[in-house]
Amino acid sequence: MNAAKKEAAEQMENIDLVIEVLDARLPEASCNPLVDQLRKFRQRPCLKVLNKIDLADPHATAAWKAYYDAQDGVTAYPMTTKKPADVARIPELALSLAPHRGVPTKPLRIMIMGIPNVGKSTLMNALLKKRVAKVGDEPAVTKTQQRLYLNKNVVLVDTPGMLWPKIAMASDGLMLAASHAIGTNALVEEEVAEYLGELLLQRYPQLLTARYGFKTEGMDGVAVVEGVAQRRGFRVRGGDYDYEKAAHTLLQDYRQGALGRISLETPESRAASLAQHEAEVAEKARIAAEKAAAKAEEAARGKRGT
């Protein structure tokens, strides 16, 4: 990741536009803050591609588009790489953000960025109408940077999926894990499934009932996973529920869209999460300052006593 960041920073000087591919189900959680830092430092406009809209709640997606379009130098484009017509609009949108480029003598230079497993490589292949980037349902498939010509007027630079060193909010890490942007070796599926179950109970309880046939009143995340095990008949030797298999099934159903069109965050829920996180950070800082002051006072008393 550090090598990818360094290479992206070096290339940013020589590009005109950033296309950042986001997961439409969790746009801000899947938005790498390092991408914003790099492009803003070089004052590069950004086309934020809200990919996988076929899996996302359309009302939430509309709210996210309005949210990003209100930002300076940013245009949001909800789409899915499964529709060639959606992909075909990208060069036109990109040229509108950098109208001073886009001729053979000054081709538009575009860097495609994003975290692992949001569909960057699939988008690159769809734009070029041939397989030039390796695609897989696992994070971090793209390993090196590639520079390719879309046509004589547009140059594409693909980059490896880049996560940031520390995910500040636990909810972001859980959303990324639920959406498969973090590899299975870096998470405990049962914990992620419990978080997803809680979120679905809050926002999409009817989809849980429609998919698994249980009533959601009085349930929590653990009960949701147990309910999946019960309804699917997942049991281990001895008769207990196969909690691991049920957790995996819930996550797979969400990832593949079998539960329905789901968004894990909205601009409003994001604002609330950030406010809560800032309050928690401030409270930790207050407690730490009080402890430091008490320790200093104790040390001072010790010196006075001697």
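The values are calculated or read from the model by the stated rules, or taken from the named source; none is laboratory data. What you see is a predicted model; the values in this text were computed from it and never measured. As a convention, Cβ positions derive from the backbone with ideal geometry for all residues, glycine included, and neighbour counts pool all protein chains shown. Side chains are part of the model used for accessible areas, which takes the heavy atoms of the whole protein and leaves out ligands, DNA and RNA. Shrake-Rupley method; radii C 1.70, N 1.55, O 1.52, S 1.80 Å.
Our summary gives the chain a relative contact order of 17 percent, counting only alpha carbon pairs under 8 angstrom and 6 or more residues apart. Taking label points 7 Å from Cα along the Cα-to-Cβ direction, R131 and E191 give a separation of 3.7 nm.
Taking a ≥ b ≥ c as the square roots of the eigenvalues of the Cα gyration tensor of the stretch 151-306, is the shape rounded (a/c under 1.5), prolate (a/b larger than b/c) or oblate? Oblate, because a/c is 1.5 or more while a/b does not exceed b/c.
Over all Cα atoms in the stretch 1-158, the spread is summed up by Rg and Dmax: 14.4, 42 Å. Compared with the direct C-alpha span, the chain from E7 to A70 gains 19.7 nm at full extension, assuming 0.36 nm per residue. Multiplying the residue separation of A299 and V236 by 0.36 nm and removing their Cα-Cα distance gives an extension gain of 16.9 nm. One Cα centroid belongs to the stretch 27-60, the other to the stretch 270-306; the line between them spans 35 Å. Extension gain, D54 to A271, is 75.7 nm, computed as 0.36 nm per intervening residue step minus the present C-alpha separation.
With both partners inside the chain, how many of the DSSP beta bridges are antiparallel, as a percent to the nearest 5?
25 percent
Among rounded, prolate and oblate, which fits the stretch 221-306 when a ≥ b ≥ c are the square roots of the eigenvalues of its C-alpha gyration tensor, a/c under 1.5 means rounded, and a/b larger than b/c means prolate? Here the stretch 221-306 falls in the oblate category.
Excluding the site residues themselves, the longest part of the chain lacking any trypsin sites (Lys or Arg not before Pro) in a DSSP loop with at most 15 other Cβ atoms within 10 Å is 238-306. Mind running the shape call on the stretch 188-256? Use the C-alpha gyration tensor, a ≥ b ≥ c as the square roots of the eigenvalues: rounded below 1.5 for a/c, prolate if a/b tops b/c, oblate otherwise. Prolate.
Projecting label points 7 angstrom from Cα along Cα→Cβ for A285 and E92 puts them 4.7 nm apart.
Under the membrane-span-like helix rule (DSSP H runs whose alpha carbons stretch at least 20 Å along the helix axis, mean Kyte-Doolittle hydropathy -1.0 or higher), the chain yields 189-203, 267-305. Based on the reciprocal of the average 1/r between different C-alpha atoms, the Kirkwood radius for the chain equals 21.4 Å. Scanning the chain for GluC sites (Glu not before Pro) lying in DSSP loops with no more than 10 further Cβ atoms inside 10 Å, the longest uninterrupted stretch between such sites is 14-216. Annotation: per residue accessible area for the chain equals 51 Å², rounded to a whole number [probe 1.4 Å, protein chains only].
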